[in-house]
Amino acid sequence: MMIITFMASILAIIVIIVMTLASILSKKTIIDREKSSPFECGFDPKSSSRLPFSLRFFLIAVIFLIFDVEIALLLPMIILLPISNLMTWMTVGFFFLTILLIGLYHEWNQGALNWAN
């Protein structure tokens, strides 16, 4: 048992050394102004901070988060399928997907998904 622990410790130290060396050797020495500057919300941080920008960016981000959370709530339903009543499972799943599609249809009718306008 002690030999296995010793070998695992040696292997962990070797892996740490190899990863550190790979990180040091793979660094680029050329500094690019564009890549080293921070990028926030699609506008240049070196210019005036009072420039107006489109709220459509934030609307699309909120819509993405809403649908992303709803999809994350749908995923556990697949795990519950074998241990639940099939009719109840289908009713809840259909109800949830209906709410999701009604929300998508509403956003579509409101023009929130038209990025070109």
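Checked against (1) of a type outside the set (Val, Ile, Thr); (2) at pLDDT 90 or above; (3) open to solvent by less than 100 Å² (accessible area, probe 1.4 Å), Asp32 passes all but condition (2).
For the range 95-110, a residue qualifies if it is surrounded by 10 or more Cβ atoms within 10 Å (Cβ to Cβ) and under 20 Å from Leu55 (Cα atoms), and the qualifying residues are Gly103, Leu104, His106, Glu107, Trp108, Gln110.
Considering only the range 3-23, I want to know if a residue exists there that is at pLDDT below 85, surrounded by 10 or more Cβ atoms within 10 Å (Cβ to Cβ) and either more than 26 Å from Asn114 (Cα to Cα) or not aliphatic (A, V, I, L, M) (or both). Within the range 3-23, not a single residue is at pLDDT below 85, surrounded by 10 or more Cβ atoms within 10 Å (Cβ to Cβ) and either more than 26 Å from Asn114 (Cα to Cα) or not aliphatic (A, V, I, L, M) (or both).
The values are calculated or read from the model by the stated rules, or taken from the named source; none is laboratory data. Here the structure is a predicted model, which means the values were calculated and not measured. A quick note on method: Cβ atoms are made from the backbone with ideal geometry, for glycine too, and the neighbour counts reach across all protein chains shown. These area figures cover heavy atoms from the full protein model, side chains too; ligands, DNA and RNA do not enter into them. Shrake-Rupley method; radii C 1.70, N 1.55, O 1.52, S 1.80 Å.
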